[in-house]
Amino acid sequence: MSAKAQKQNNYFESVKFKKKMGQSIVLIVLIAGSLLILSPIWWMIATSLKDMKEIMTYPPTFIPKEWHWENYLTTLEKGPFLKYTMNTLFITSLVVLGNVFANSFIAYGFAKIQFKGRNVLFGIVLATMMIPGFVTLIPQYVLYAKLGWLNTYLPLILPAFFGSAFFIFLLRQFFLTIPNELIEAAKIDGANHLIIWWKIFVPLSKPAIATVAILSFNGAWNDFLGPLLFINDESLFTLQLGLQVFKGQNDTQWNFLMAGSLMVLLPVIMLFFFFQRYFIEGMNLTAGSKG
Amino acid sequence: MERMISDKPVVAKKLKKSKINASLQRKEGLQGYLFIAPWIIGFLFFMAGPLLFSLYGSFTNFNITSTMDFIGIDNFKKMFTNDPIIWLSLRNTLYFVVVSVPLTTAGAVVLAVLLNQGIRGMRVFRTIYYLPAVLSGVGVYLLWMQLLSPSSGLVNTLLSFIGIDGPAWLTDPSWTKNALIFMKMWSVGGGMLLYLASLQGVSPSLYEAAEIDGASSFRKFFHITLPMITPVIFFDIVTSTIGAFQIFQEAYVMSKNGEGGPANSLVFFNLHMWNKAFKVFDMGYAMAMSWVLFIIILVLTVINLKLAPRWVHYEGEDRK
């Protein structure tokens, strides 16, 4: 065997080669997987642009033969989606506002002020995350019915102003990383906790607060159960409810259903691409604390 | 849990020394209560109050308009003797939990390991795989109803390319639950992120040591990676089990008129409870059902916690 051949032979058995080989395989798997993951989104776009005849042809086409952009106009004419959008935006913006203020306020109390029973109370905050939603859903419905809040947005908006366990937890974790010396220094300058919270902690925790804002936007925008239970009047419907009704009216009219779905999902997709850092931050904060 | 509750009360200890400081401490305490007051009020109104009402209500024939008589444990008796659907719904729910939780957990771990390789462009892949996890609600369910449509859907089209004659998914009673599980697998990227964070916390020195000993990739995965991320796997299993038991929306939107068809194959526990509470207004019974679910979840979580020391590895802990 010549020296050159032996050298080549060694290369194929070398650690470096094996590593390269492994990475190539992983890369191929990941690319194939990405295509699979993205294919539903493309399929939704393609279907929304086809006419029903093309949707029903076999085998289905991956790229529409004719691009029926007017499907979107037809969809918008078929239901008061503009109204639903305004309703949803109204609820969503107030929910985000409530969540950002209430949770950072409450979390500051749990993170940075000493008081009796604090750990027990925080334990209760965490424990409430375990309780299945339906256990409190029925009594809440009864409560709102007695208060005359059914068919109003109050049950959807008001609870956001009283804190939610997950967000309190998330912000508290973040606040704990801010050194106490800042508070001590501010106190010497005569600041009280309210000022310290608003002037120091809120500005310092912009990333965590942005995470709360985005996650709660996502939650309110996608909320289906709440509106389904508390809203009856069609003029008060949200996008999720409107889409559900639209589904009933356009059974298997896939092009219109996909156009409608895409329009409802689009804001979330855009939000994700612009602010994915914050989505991921939120997950990492929870993951870090469980490690 | 321990770690997040114990931030040390350094300030308080220093202050304890004198009487003046004791009054300062009281003032500090009052401010603390002021800050958490919104949560306390919310907790009383939206959580504790409803819980108490529900607990009492589950022993009554409450129907929201006319009656609320105490009927003892009749509601619970009725579940065992006079409601065959509840058993079906429990079976459906258990099937969903038992199949979906291991699949999504394993899927998320594998995906995280793949995405943790030091390959260029990994950020792009992470974004793509995570995207489905942020999408939810009726739009996604409608999308999947189309994807799973037997004749015109993407899934069966792709399956036909590899010679598989796909099932009728949402119209075949024996496939409906698998259809929902399939849909859940799409958003496995959500769990992936959780694992990715913990994978990055595994010390490289462990792998280096194993490499010197000549360990294969598989050995490294099963003897280093997997044990090191068991705390996150445990957390994931506990929370996703709790979540899976409460499956409702998917079945409501993806079955005709929200009835959980075909052949009641999508009647999950919560869907049955919903129908009892808000369709026939048998609210006492529905509240009793909700407590049964709560207890099931509680017992399973306790079992999970008890089993944890057998397989969950905590760094720096003495193994007995």
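Any read-out appearing in this document is the output of simple, stated calculations on the displayed coordinates, not a laboratory observation. Source: prediction; values computed, not measured. Here Cβ is always computed from backbone atoms with ideal geometry, including for glycine, and neighbour counts include all displayed protein chains.
Cα centroids of region B:248-320 and region A:195-243: how far apart, whole angstrom? Computed from Cα coordinates, the inter-centre distance equals 25 Å. Averaged over the residues of peptide A:248-258, the number of Cβ atoms from other protein chains lying within 10 Å of each residue's Cβ is 2. Could you state the number of Å between the C-alpha centres of region A:79-133 and region A:258-282? So the separation of the two Cα centres works out to 21 Å.
Where does chain A land at 222 nm, in deg cm²/dmol rounded to the nearest 500, when only DSSP H runs of n ≥ 4 count, each adding -39500 (n - 2.57), divided by all residues? Let's see the in-between values first.
Working: 15 runs with 217 residues, N = 291.
My calculation for chain A gives -24000 deg cm²/dmol from helical runs alone.
When chymotrypsin sites (Phe, Trp or Tyr not before Pro) are flagged only if DSSP places them in a loop and at most 13 other Cβ atoms lie within 10 Å, the longest unflagged stretch of chain A comes out as A:70-291. With springs only between Cα atoms under 10 Å, which of A:G79, A:G22, A:G33 fluctuates most in a Gaussian network model of chain A? Among A:G79, A:G22, A:G33, the largest GNM mean-square fluctuation belongs to A:G22.
Coupling constants for region A:210-221 follow from the phi torsions by the Karplus curve (6.51 cos²θ - 1.76 cosθ + 1.60, θ = phi - 60°), and in residue order they are 4, 4, 4, 4, 6, 5, 7, 4, 4, x, 6, 4 Hz; glycine and proline get x. Placing one identical point scatterer on every Cα of region B:76-311 and ignoring solvent, what is log10 I(q)/I(0) from the Debye formula at q = 0.09, 0.12, 0.17 Å⁻¹? One equal scatterer on each Cα of region B:76-311 leads to -0.49, -0.81, -1.27. Under 16 Å of direct C-alpha separation, and excluding same-chain neighbours fewer than eight residues apart, A:K19 reaches these aspartates and glutamates: B:E208, B:E211.
Here region A:72-290 was treated as a single set of alpha-carbon atoms; its pair distances binned every 5 Å from 0 give 1, 6, 12, 15, 16, 15, 12, 10, 6, 4, 2, 1, 0, 0 percent. Net charge dipole, the protein assembly as shown: roughly 2040 debye, given to the nearest 20, about the Cα centre with Cβ charges of +1 for Lys and Arg and -1 for Asp and Glu.
R0 = 45 Å: FRET efficiency of A:L82 with A:V120, Cβ-based, nearest 0.05?
Working: r = 49 Å, r/R0 = 1.09.
That gives a FRET efficiency of 0.40.
Panel order for A:V95, A:V100, B:V155, by other beta carbons found within 10 Å of each beta carbon, from fewest to most: A:V100, B:V155, A:V95.
Computed per residue of chain B from DSSP H runs no shorter than four, each worth -39500 (n - 2.57), the mean residue ellipticity at 222 nm is -20500 deg cm²/dmol.
Applying 1/(1 + (r/R0)^6) with R0 = 51 Å to the Cβ-Cβ distance of A:L38 and A:S14 gives a FRET efficiency near 0.90.
Taking each residue of B:122-132 in turn, how many C-beta atoms of other protein chains fall within 10 Å of its C-beta, and what is the average?
Numbers: counts 3, 1, 2, 7, 3, 6, 8, 5, 6, 10, 4.
Averaged over the peptide's residues, the number is 5.
Length gained on full extension, B:F161 to B:N257: 31.2 nm, using 0.36 nm per residue less the C-alpha separation. Given +1 at the Cβ of Lys and Arg, -1 at the Cβ of Asp and Glu and no other charges, the dipole of region A:72-290 around its Cα centre is 480 debye to the nearest 20. Computed on the Cα trace of the protein assembly as shown, the radius of gyration divided by the Kirkwood hydrodynamic radius gives Rg/Rh = 0.99. Among B:D74, B:D69, B:D282, B:D213, a tally of other beta-carbon atoms within 10 Å of each Cβ gives an order, fewest to most, of B:D213, B:D69, B:D74, B:D282. Counting lysine pairs in region B:76-311 that sit 8 or more residues apart in sequence, or on different chains, and whose Cα atoms lie under 23 Å apart gives 9.
Please list, by residue number, every one of the GluC sites (Glu not before Pro) in region B:176-273 that is coil in DSSP and has at most 16 other beta-carbon atoms within 10 Å. Mind dumping the intermediate values first?
Values: sites: B:E208, B:E211, B:E250, B:E259; in loops: B:E259.
Qualifying residues, ordered by number: B:E259.
Among B:R219, A:R118, which comes first, then next, by fewest other beta-carbon atoms within 10 Å?
B:R219, A:R118
In sequence order, region A:173-182 has phi-based couplings of 3, 5, 4, 4, 7, 8, x, 5, 4, 4 Hz under the Karplus curve 6.51 cos²θ - 1.76 cosθ + 1.60, θ = phi - 60°, and Gly or Pro positions carry x. With the simple model of a label 7 Å out from the Cα in the direction of the Cβ, B:L30 to A:M129 spans 3.3 nm. Shown for region A:72-290: lysine pairs separated by 8 or more places, or found on different chains, whose C-alpha atoms are under 23 Å apart, numbering 10. Taken as entire DSSP H runs, the helices of chain B that both span 24 Å or more between Cα atoms along their own long axis and average -0.5 or more on the Kyte-Doolittle scale are B:19-43, B:84-115, B:283-311.
For a quick check: with amide H placed at 1.01 Å from N, whose amide H comes under 5 Å from B:T60's, ignoring anything fewer than 5 positions away on the same chain? The answer is B:I71.
Site-free segments of chain B were taken between chymotrypsin sites (Phe, Trp or Tyr not before Pro) in DSSP loops having at most 15 other Cβ atoms within 10 Å, sites themselves excluded; the longest one is B:1-280.
Taking a ≥ b ≥ c as the square roots of the eigenvalues of the Cα gyration tensor, region A:145-220 is classed as prolate, since a/c reaches at least 1.5 and a/b is larger than b/c.
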